[in-house]
Amino acid sequence: MATQKLILPYKSCKVVAGYKRPAYRSYWGYDHYGCDYVGVDSLDIIASGNGTVLTAGYDNNVGNTVCVLYPDVVNHKTGKTQSLIARYMHLASITVKVGQKLKAEDKIGVEGATGRGKWSSHLHIEFDTDTAWPNYSPQVAGSNLIKKGVDSTVNPSHLFHRGTGQSISNYGTPNYTIAGDWTLPALMIDSGGAGDTVPDAEFDALAKLYDSLLDDHKRLQVECDELAKSRDAKADEAAQIRKEIAALAANWPI
Ligand SMILES: [Zn+2]
């Protein structure tokens, strides 16, 4: 199975709000099921990898929306690979059509502030493991295009890598973001073009080492427990023998 690692949806952007931050919930009264970004220099929204456009149109609640299916996406936090739906909301304009095949960096649209909210220009993007229902979002109440769905979302910060020439920083909303939202692994295309990363390779090697050390630790722990048990048994035995000697000594005829 060919897996893919996703890149950021902008050449350069700032993260405004992360995934399910408690401060977001206490202010807005509901969870944030995606990440919010604003573009730096360019507001062009670009594809994060190989995908297919499943939905493209205007929603009464969240404005111009595009849903893209990205197959076999690697989650750099969990190591899991899953096919995911990405929902792009509030776009000023859409530059793709339903059925269109995308590759990384293809333009999807332009960041905007369309929809019912009084928000300023930003991209809300969410990733959903429920690929059978691309138009169902836990984020919004039912509308004409995007319907109210249950939560099967994934943190976008666990999926995005910094692609070639991409950069990301914090917008300056500390309670709405954590460092993990803007410190993303770099994706460096190797000579084979497989899209592997140096940091990930190092990470994999360290993870293997960690696992083998953990196995050693567990094995030694078992040995240590067994030795402790046999030491206790020997101590009991010794105590018993001492008792017998004392009893014999007490009855020794002098
Ligand atoms: Zn949002």
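Would segment 21-43 turn up any residue that is within 20 Å of residue 8 (Cβ to Cβ), polar (S, T, N, Q) and in the same structural domain as residue 180 (by TED's automatic domain parsing)?
Yes, the conditions are met somewhere in segment 21-43.
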### Message
When you check residue 31 against the structure, is it assigned to a strand (DSSP E or B) and either surrounded by fewer than 18 Cβ atoms within 10 Å (Cβ to Cβ) or β-branched (Val, Ile, Thr) (or both), yes or no?
### Response
no
#### Entry: Candidate set: segment 157-181, residues that are among the small types (Gly, Ala, Ser) and part of a loop (DSSP other than H, G, I, E, B); chosen: the one surrounded by the most Cβ atoms within 10 Å (Cβ to Cβ)
163
### Task
For segment 71-86, state whether one or more residues are assigned to a strand (DSSP E or B), touching a residue at least 40 places away in the same chain (Cβ under 8 Å), on the phi < 0 side of the Ramachandran plot and among the basic types (Lys, Arg).
no
### Query
Taking segment 126-159, which residues are within 16 Å of the ligand (Cβ to nearest atom) and among the hydroxyl-bearing types (Ser, Thr, Tyr)?
137, 143, 153, 157
### Task
Those residues that are within 11 Å of the ligand (Cβ to nearest atom) and of a type outside the set (Val, Ile, Thr), I need them from segment 116-125; list them, please.
117, 119, 122, 123, 124
### Message
Filter segment 13-44 down to the residues that are away from the ligand (no atom under 14 Å from the Cβ) and under 20 Å from the mean Cα position of the chain (by Cα) and list them by number.
### Response
22
### Task
Within segment 91-146, track down each residue that is under 24 Å from the mean Cα position of the chain (by Cα), more than 24 Å from residue 176 (Cα to Cα), surrounded by 17 or more Cβ atoms within 10 Å (Cβ to Cβ) and among the β-branched types (Val, Ile, Thr).
108, 146
### Message
Just to be sure I understand the filter: pairs with C-beta atoms under 6 Å, separated by 6 or more residues or on different chains, first member in segment 32-46 and touching a residue at least 12 places away in the same chain (Cβ under 8 Å), second member surrounded by fewer than 19 Cβ atoms within 10 Å (Cβ to Cβ) and of a type in the set (Ser, Thr, Tyr). Which pairs pass?
### Response
40/12; 41/12
### Task
Report, ordered by the first and then the second residue, all pairs with beta carbons closer than 6 Å, sequence separation of six or more or different chains, a first member in segment 104-128 that is under 17 Å from residue 171 (Cα atoms) and assigned to a strand (DSSP E or B), and a second member that is away from the ligand (no atom under 11 Å from the Cβ) and of a type in the set (Asp, Glu).
123/111
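The values are calculated or read from the model by the stated rules, or taken from the named source; none is laboratory data. Because the structure is a prediction, the values reported are computed rather than measured. Note: ideal-geometry Cβ built from the backbone for every residue, glycine included; neighbour counts use all protein chains shown.
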